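> Below is a structure I'd like to ask you about.
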Amino acid sequence: MKTKLGSRKVELADVFCLFGDEYRKTHKLPIQQRNVMFAIEACRTALLGGHIDVCDSCAHKRISYNSCRNRHCPKCQNLNKEKWIDKLASSILPTKYFHIVFTIPSELNRLCLINQKIMYDTLFHSASQTILSLAKDKKHLGALTGLVAILHTWGQNLRDHPHLHTLVPAGGWRDVNAKLGQASNYGYWKNSKKNFFIHVKIISKLFRGKFLASLKEAYLNGVLKFEGEIKELAKRGNFDALLSLLYKKEWVVYSKESMKNSAAIIKYLGNYSHRVAITNSRIKSITNKNIDFEWKDYRDHNKRKLMSLNANEFIRRFLLHVLPPRYCKIRYYGLFSSRNRKTMLQKCKKVMAKKMIAESFKGLAWHEILKIKSGIDLLKCPHCKNGKMVQKEVFKGKKAPT
């Protein structure tokens, strides 16, 4: 039998409300995962409090409940995504871009789960330095490029699959009077080759080398943890055997075709920036104790299929992707780094005849941004269509952990 939720669609919050208590009783969870579960369950309910608005013309009342604002909640990411897209638009350069995806081998998945911060930092560092160092090489481009990197830890089936989505401009700043990476008053924008300035096999080999060198250093410094099924990896011989295996493997680096239109580029990357492991739209039903959700099978010509998991397994897979507290999942390098935005990035825009674009949403309240993006005016009375909704009462609830 399918669980009845009235006429509305099934959401991730429903899964936690129905099966969360049982899961918490039978599994020892870190505080961060417990906080995420509570936040998603309580999002936009009386548990988090809210306020009452009253129309100043017809006295129509409206109750609004607070959002949890947790970055793992599928209902709380649209506003953050729109604000991020608006901010990125002020930094984008008028050139082609390449979408490059860096993936680490599945043999490292368990090590990543136990050492999230160290392993994800290594992924960011290795991928960014691979692109920047190859771009500086005169054999490839001989210029300072930039990249925006976004961490994803999941696959469509919710299993652990750490990878980085990066956006790289098709070229870079060639400084004629200073060493690469330093600012000077003389330089020009150097365009890359049509099909990207570096072959993916070259990127893959260097990425593999940098990642494994950093991984070995972390092991020798004793900062890696080895628990459960990978406990034996703590032994030097076993760890060296793993490194040897990974050096022999072909690491997956995928480069998609370049994109020309800057608006399309920003929208495209925005789709990746604030994604969570699963959106509410992909969850189709709750049948008995099974969760049915849609997924895309990349190994079968990207066919959309329906997967059914029991509630415990579904929750377990989702919680694999809860990031450490305050962990930064979007990072900027090279021309887009904070230290270069007001210097070298401005020089690039000047020689490319592009003025700095101000952020459209800076200083605006969330309901003002919503009106701009969707045309929905929350201050307008939905009943009489003439009056203005005025906040009359605020009621407190529990504070949602972030």
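The values are calculated or read from the model by the stated rules, or taken from the named source; none is laboratory data. Fair warning: this is a prediction, and the values are worked out from it, not measured in the lab. Positions of Cβ are generated from backbone atoms using ideal geometry, with glycine treated the same way; all protein chains shown enter the neighbour counts. Heads up: the accessible areas ignore ligands, DNA and RNA and are worked out on the full protein's heavy atoms, side chains in. Shrake-Rupley method; radii C 1.70, N 1.55, O 1.52, S 1.80 Å.
> Could you please find all residues in segment 334-353 being open to solvent by less than 50 Å² (accessible area, probe 1.4 Å) and either assigned to a loop (DSSP other than H, G, I, E, B) or within 22 Å of S67 (Cβ to Cβ) (or both)?
Within segment 334-353, L335, F336, S337, N340, M352 meet the criteria.
> When you scan segment 104-123, do you find a residue that is modelled with pLDDT under 95, hydrophobic (A, V, I, L, M, F, W, C) and in a loop (DSSP other than H, G, I, E, B), even just one?
Within segment 104-123, not a single residue is modelled with pLDDT under 95, hydrophobic (A, V, I, L, M, F, W, C) and in a loop (DSSP other than H, G, I, E, B).
> Of the numbered conditions (1) of a type in the set (S, T, Y); (2) within 22 Å of N70 (Cα to Cα); (3) open to solvent by 70 Å² or more (accessible area, probe 1.4 Å), S273 fails exactly one; give the number of that condition.
(3)
> Let me ask something additional. Show the residue pairs that are 6+ apart or on different chains and have beta-carbon atoms under 6 Å apart, the first residue being within segment 93-115 and open to solvent by less than 10 Å² (accessible area, probe 1.4 Å), the second being at pLDDT below 95 and among the basic types (K, R).
So the pair list comes out as H99/K256.
> Residues of segment 117-126 being touching a helix residue (DSSP H, G or I) at 6+ places or on another chain (Cβ under 8 Å) and over 21 Å from L144 (Cα atoms), which ones? Steps first, answer last, please.
In the first step, residues of segment 117-126 are kept if they are touching a helix residue (DSSP H, G or I) at 6+ places or on another chain (Cβ under 8 Å); the result is 118-120, 122-123, 125-126.
Across segment 117-126, the qualifying residues are I118, M119, Y120, T122.
> Considering only segment 22-51, state which residues are charged (D, E, K, R), within 29 Å of V394 (Cα to Cα) and open to solvent by 80 Å² or more (accessible area, probe 1.4 Å).
Narrowing segment 22-51 to residues charged (D, E, K, R): 22, 24-25, 28, 34, 41, 44.
From what's left, within 29 Å of V394 (Cα to Cα): 34, 41, 44.
Matches in segment 22-51: R34, R44.
> Going by what's in this entry, would F38 be described as in contact (Cβ under 8 Å) with a residue 40 or more places away in the chain and more than 30 Å from N288 (Cβ to Cβ)?
Working: in contact (Cβ under 8 Å) with a residue 40 or more places away in the chain: yes; more than 30 Å from N288 (Cβ to Cβ): no.
Criteria not met by F38.
> Restricting attention to segment 373-397, and to residues there that are part of a strand (DSSP E or B) and open to solvent by 90 Å² or more (accessible area, probe 1.4 Å), which single residue is farthest from D53 (Cα to Cα)?
Looking only at segment 373-397, we keep the residues that are part of a strand (DSSP E or B), and these are 380, 388-396.
The next check asks that each one be open to solvent by 90 Å² or more (accessible area, probe 1.4 Å); those that pass are 380, 388, 391-394, 396.
On the way: K380: 11, K388: 9, Q391: 4, K392: 6, E393: 7, V394: 9, K396: 15 Å.
Checking each candidate, the answer is K396.
> Among (1) out of contact with any helix residue (DSSP H, G or I) (no Cβ under 7 Å at 6 or more places or on another chain); (2) open to solvent by 40 Å² or more (accessible area, probe 1.4 Å), where does Q129 come up short?
Among (1) out of contact with any helix residue (DSSP H, G or I) (no Cβ under 7 Å at 6 or more places or on another chain); (2) open to solvent by 40 Å² or more (accessible area, probe 1.4 Å), Q129 violates only (1).
So that you can scan it fast, the table gives a plain yes or no per residue for (1) over 29 Å from D121 (Cα atoms); (2) aliphatic (A, V, I, L, M); (3) out of contact with any strand residue (DSSP E or B) (no Cβ under 6 Å at 6 or more places or on another chain):
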residue	(1), (2), (3)
L215	no, yes, yes
S244	no, no, yes
A263	yes, yes, yes
I266	no, yes, yes
Y272	no, no, no
R275	no, no, yes
D300	yes, no, yes
L319	no, yes, yes
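> Another question, then. Pick from segment 132-173 the residues that are farther than 30 Å from E294 by Cβ and within 22 Å of the chain's Cα centre (by Cα): which of them is most open to solvent (accessible area, probe 1.4 Å)? First the steps, then the outcome.
Going through segment 132-173, the residues farther than 30 Å from E294 by Cβ turn out to be 132-147, 168-173.
Okay, now just the ones that are also within 22 Å of the chain's Cα centre (by Cα), so 132, 145-147, 168-169.
Values: L132: 19, T145: 1, G146: 0, L147: 1, V168: 0, P169: 0 Å².
Within segment 132-173, the match that is most open to solvent (accessible area, probe 1.4 Å) is L132.
> Of (1) crowded, with 16+ Cβ neighbours inside 10 Å; (2) over 24 Å from L12 (Cα atoms), K249 satisfies all except one. Which?
K249 satisfies all of (1) crowded, with 16+ Cβ neighbours inside 10 Å; (2) over 24 Å from L12 (Cα atoms) except (1).
> Output the number of the condition that R331 fails; it satisfies all remaining conditions of (1) open to solvent by 60 Å² or more (accessible area, probe 1.4 Å); (2) touching a Phe, Trp or Tyr at 6+ places or on another chain (Cβ under 6 Å); (3) charged (D, E, K, R).
It is condition (1) that R331 fails.
> A further question follows. Do you know which residues across segment 52-81 are open to solvent by 40 Å² or more (accessible area, probe 1.4 Å) and not in a loop (DSSP other than H, G, I, E, B)?
K61, R62, I63, Y65, N78, L79, N80, K81
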